[in-house]
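Colleague: Have a look at this one before I ask anything.
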Amino acid sequence: MKVPYSYFIVAVFAIITLSGCHTVQNAATLATSVGTTTGVIDTQQAAAIQKSVAALAKTFEDFTPEQQYYIGRSVGAVVLSRYKPYQNDQINQYINLLGQTLAQASDMPEIFNGYHFLVLDSADINAFATPSGLVFVTRGMLECCQTEDALAAVLAHEIAHIQLKHGLQAINRERITYALTTTATEGAKAFGSQELAEMTKNFEDSIMNITSTMINNGYSRAFEYQADQSAVVILRRIGYDPHALVEMLMAMGKHLKPGGADFAKTHPSPQSRIEKIEKLTGSYKKVAVVEQRQARFLRMIKRL
Amino acid sequence: MFNLKIVLTGIIFVSLMAIPCFAPAAETILTVQVKESQMRTTPSFLGKIVTRVFYTERVTLLEDRGAWKRVSKGRAQGWIHASALTARKIVLRSGKTNVRTGVASGELALAGKGFNAQLEAEFRNKNQLDFTQVDRMEKITIRSEQMESFLKEGLIVPPQEGDL
């Protein structure tokens, strides 16, 4: 039997319409897209990331945004009990201008209480990000950056840790279950004293899970590479040169002291990260210095 | 060769089928998942603010452009960034209800318990932590216009589509 052309046309039209619709819906529901459109990650990698995120969704994702906010604030307070803030309003304003602008260009520009950045007064080479959107960068880390693009790369990497929810994933699963399933006392604004003690202990242990991972042990290598990938996406999208991430890692490689308690301990070697990044960006090319941008960057760095 | 009638019928039929995807027949309700966000006249952070929306408020989806959603709240209509919204319902709940049994799947419960200001206070006292710097840090907010001039002054230009 000969099928008329007209049926064929209808069928093709149907497929195009319906599959187009399907794609739109998918695109809308994927909250964690890390930039398949930019070609930085291929679809297979994206699928793997989405799959792993979905598998974990029943656990840490069940914290409300407000609970994540309180977790992050306490993590921030612990960081600030170990490092003093660098008291210089101009440099902190500058790092917020840069950081908050980068966050706005990311896939998750909005977070419960916004992104906020602070310089820590330490020669260590380090940076931390809390699940609530607080980002800390040491003076030592700033000194590894030779351009604003390089500093943008550091901040984009930290923003990526927040968006990929790496901090929350450090919390022990039983603690999460406990926090999400305990009953409340009827009519009571406050917890009963016994419950409160237990809840506080659980909260405290959860915070310690995050801070010990972040400060002492470091995330997995896989998380660090993922954060680098997302950082490349953010940098490209806004108009910074992603090769700046490589440049910063080269400088860091020279400054890091083997056996140091900072990035040397908690991160994969700069060389291994550079190799992975170059797969996304192509071989390293020196970052072009834009005069006006460099002038304002140097004005800030001079204040350290 | 082409049977115009069949083609047209087919097109109309398929278009009707596709309607629910572009204009949802059943209303889609989204919940604000950030402390405060803005509904804007255009799908951009530079768009003029129509109104403010707050945590747990519900809005109705009118149009979906991926990263930006056009929504309505009461008589107000405008664009909100997708990251400020969730398809999950956030339930404000106090009392005896067990979170595990009292909340349907797909809902997030703001149970009487959970990690909140009271636990933060306990944690702070027990560990003698100081939140002053955290509070100060959270106050540093950059406005969209400041971001615009920061980008302009630094000659930071996003790549044109197709460059990537």
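The values are calculated or read from the model by the stated rules, or taken from the named source; none is laboratory data. None of these values were measured; they are calculated from a predicted model. Every residue, glycine among them, receives a Cβ derived from its backbone with ideal geometry; neighbour counts consider all protein chains shown.
Colleague: Which residue out of A:E275, A:E195, A:E247, A:E186 is over 22 Å from A:G140 (Cβ atoms) and modelled with pLDDT of 90 or more?
Modeller: One residue alone meets the criteria, A:E275.
Colleague: Still on this model: Over 25 Å from B:E148 (Cβ atoms) and either at pLDDT 95 or above or surrounded by 13 or more Cβ atoms within 10 Å (Cβ to Cβ) (or both): which single residue out of B:L8, B:L16, B:L30 fits that description?
Modeller: After ruling out the rest, the residue left standing is B:L30.
Colleague: Exactly one condition in (1) part of a loop (DSSP other than H, G, I, E, B); (2) among the charged types (D, E, K, R); (3) within 18 Å of A:L245 (Cα to Cα) is false for A:R273; which is it?
Modeller: Unmet condition: (1).
Colleague: Now a separate question. When both residues are 6+ apart or on different chains and their Cβ atoms are under 6 Å apart, which pairs have a first residue that lies in the stretch B:121-145 and is touching a residue at least 12 places away in the same chain (Cβ under 8 Å), and a second that is of a type in the set (A, V, I, L, M) and not in a helix (DSSP H, G or I)?
Modeller: So the pair list comes out as B:S144/B:L46.
Colleague: Search the stretch A:67-77 for residues being among the aliphatic types (A, V, I, L, M) and within 7 Å of another protein chain (Cβ to nearest Cβ), and hand back the single one that is farthest from A:D124 (Cα to Cα).
Modeller: Going through the qualifying residues, I end up with A:I71.
Colleague: State all residues of the stretch A:64-110 that are over 15 Å from B:V34 (Cβ atoms), small (G, A, S) and either in contact (Cβ under 8 Å) with a residue 12 or more places away in the chain or surrounded by fewer than 22 Cβ atoms within 10 Å (Cβ to Cβ) (or both); if no residue qualifies, say none.
Modeller: Passing the criteria: A:S74, A:G76, A:S81, A:G99, A:A105.
Colleague: Moving to a separate point now. List pairs: first in the stretch B:61-84 and within 12 Å of chain A (Cβ to nearest Cβ) and surrounded by 16 or more Cβ atoms within 10 Å (Cβ to Cβ), second assigned to a strand (DSSP E or B) and polar (S, T, N, Q), Cβ under 8 Å, 6+ apart or cross-chain?
Modeller: Within 8 Å, the pairs are B:I80/B:S37; B:I80/B:Q38; B:H81/B:S37; B:A84/B:S37.
Colleague: Filter the stretch A:83-142 down to residues that are among the charged types (D, E, K, R) and more than 10 Å from chain B (Cβ to nearest Cβ) and give me whichever is farthest from the chain's Cα centre (by Cα).
Modeller: Among residues in the stretch A:83-142 that are among the charged types (D, E, K, R) and more than 10 Å from chain B (Cβ to nearest Cβ), the one farthest from the chain's Cα centre (by Cα) is A:D121.
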